[in-house]
Every structure is written in C-alpha cells, then in structure tokens.
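What follows is a single structure, written as structure tokens, with notes after it.
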Amino acid sequence: MKVADTIRRKLTEALSPVALHIVDDSDKHRGHAGYREGGESHFTVTIVSTAFEGDNRVARQRKVYTILAEELAGPVHALSVFALTPAEARSQEKRQQ
Amino acid sequence: MTNPVFERIQKDIDENEVVLFMKGTPQFPQCGFSSAVAQILDYFQVPYKGVDVLQDPSLREGIKEFSQWPTIPQLYVKGEFIGGCDIVREMAESGELTQLFDEKGIQYAA
C-alpha cells in the first residue's frame with residue numbers, strides 16, 4: 001500500500017475528517033538528506049475535523065502525529081500538518097474568495 | 001524521566017528566553033524546515049539560542065521525547081513549547097507570534 005493511502009486510511013478512521021488533502025512533496029526535497037528515490041518521504045496533510053474543536057495548535061498536531069507514529073518512525077521523513085475545525089475551514093474559504 | 005539528556009534540554013530552555021532546536025545552526029541550517037523558523041526569528045530580530053541536534057544523536061532523539069513531538073525544528077519561548085515549522089509559520093502570518101512575544105515580554109522588531 002502506498003504511504004499516502006495508509007495516511008489517509010489511518011486519519012480517516014481516527015478523526016472522521018470532513019475534508020482531507022494529502023500531498024506528496026517529496027520531489028521538492030530532491031537532493032536533501034531525507035529524500036529517497038521514488039518519493040513518499042515528505043507529505044503535507046490538510047485535515048478538517050470536528051475532533052480538533054477546543055484543541056490548540058500543538059494539541060491538534062500531536063493528535064495527527066500520534067495516529068501516524070508508525071509512519072513517522074519509518075518511511076515518512078517530514079510531515080507538514082494543517083489541522084482545522086469545520087468552522088475555521090469555512091472562514092478561511094471566505095477570506096480567500 | 002531518567003533520560004540524562006532531558007537535564008541539558010531543561011537547562012537550555014531555562015537559561016534562554018527563546019531556544020530553537022534545529023538541524024544545523026542559525027547561520028547554516030541543514031534543513032529547509034529549520035531554516036524557515038530561523039528566518040522568521042531573524043525577521044523579527046528576536047535573539048535566540050540555536051541548538052544543533054545533528055551534533056548529538058542522543059539530543060536529536062531526546063528532544064522528541066522531551067517535547068512529545070516527533071519532528072525538528074522545535075521552538076521554545078520562556079520554557080514553553082510553541083511548536084514546529086508549520087505552527088510557527090502560521091502564527092507569524094496571523095500575528096499570533098508577535099502577540100506571544102508581547103505576552104512573554106520578548107523584544108522584537110515590529
């Protein structure tokens with residue numbers, strides 16, 4: 001299974017996100033120490049879930065890191081996380097319009 | 001809590017108002033994420049101590065356990081863990097970072 005698919009499955013199961021966007025940025029890190037041929041080492045995850053309500057930024061990112069602990073200890077060298085609540089995602093969308 | 005490296009980390013964050021645990025040094029960052037946070041601190045002209053985790057494998061692993069945070073860089077302000085690259089970047093963009101500096105009494109260039 002592709003790493004991105006595993007990330008999607010685990011986050012979906014644990015956080016029931018209303019939106020989940022996973023980007024493999026590995027190519028941007030070509031030549032860098034953590035880069036592997038074939039990619040799947042650097043990811044950006046944008047996730048919208050009610051599970052983040054009442055959490056500060058650190059707590060939200062810790063939730064994601066905990067769910068993906070195995071991946072972070074293994075193939076994933078870098079993981080950027082943008083964790084929003086549905087209300088925050090809506091107000092961000094409005095600002096961008 | 002018997003990891004000997006914890007004592008050293010605690011000392012660093014006790015003795016320095018702003019500490020960035022990073023890969024490389026502020027002058028020569030060895031990773032884009034560490035570099036991004038160093039640049040943000042430089043932009044606000046905040047004096048900080050950069051601690052290069054690549055110099056010591058026990059520190060590189062120890063800081064992850066200490067902060068319960070599996071990635072580097074890690075920013076501490078007045079002993080409080082603030083976050084990694086994504087969080088610091090978002091806070092810088094939203095104005096929360098200078099708000100934090102104000103609350104903690106850290107001098108910065110507006």
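Points to keep in mind about this one:
- Taking amide H as placed 1.01 Å from N in the peptide plane, A:E40 has its amide H under 5 Å from the amide H of A:S26, each at least 5 places away in sequence or on another chain.
- Degrees separating the helix B:32-43 axis from the principal Cα axis of chain B, which is the longest one: 40 degrees
- In chain B, helices alone account for a calculated mean residue ellipticity at 222 nm of -15000 deg cm²/dmol, with every DSSP H run of four or more residues adding -39,500 (n - 2.57).
- In this simple spin-label approximation, B:E90 and B:E15 carry label points 7 Å from Cα along the Cα→Cβ vector, and these lie 3.4 nm apart.
- 222 nm mean residue ellipticity, helices alone, for chain A (DSSP H n ≥ 4; -39,500 (n - 2.57); rounded to 500): -12000 deg cm²/dmol
- Overall, the protein assembly as shown carries a charge dipole of about 340 debye about its Cα centre when +1 sits on the Cβ of Lys and Arg and -1 on the Cβ of Asp and Glu, all other atoms neutral.
- Each Lys and Arg adds +1 at its Cβ and each Asp and Glu adds -1 at its Cβ; summed about the Cα centre, region A:3-91 shows a dipole of about 200 debye.
- Binning all Cα-Cα separations of the protein assembly as shown at 5 Å, short to long from zero, yields these whole-percent fractions: 1, 7, 14, 18, 19, 17, 13, 8, 2, 0, 0.
- Residue (of B:N16, A:L20, A:A69) at the positive-pole extreme of the protein assembly as shown, dipole from beta-carbon charges: A:L20
- Listed values for region B:23-29 are Karplus-derived 3J(HN,Hα) couplings in whole Hz (6.51 cos²θ - 1.76 cosθ + 1.60, θ = phi - 60°), namely 9, x, 10, x, 6, 10, x, and x replaces Gly and Pro.
- The heavy atoms of A:I7 offer some 0 square angstrom of accessible surface to a 1.4 angstrom probe.
- For chain A, the longest principal axis of the C-alpha atoms and the axis of helix A:57-67 are separated by about 50°.
- For region B:4-103, the relative contact order comes to 32 percent (Cα pairs under 8 Å, sequence separation of at least 6).
- Modelled spin labels at B:E103 and B:F6, positioned 7 Å past Cα toward Cβ, are 2.6 nm from each other.
The values are calculated or read from the model by the stated rules, or taken from the named source; none is laboratory data. What you see is a predicted model; the values in this text were computed from it and never measured. Glycine also receives a Cβ, built like all others from the backbone with ideal geometry; neighbour counts cover every protein chain displayed. With ligands, DNA and RNA removed, areas are computed over all heavy atoms of the protein, side chains included. Shrake-Rupley method; radii C 1.70, N 1.55, O 1.52, S 1.80 Å.
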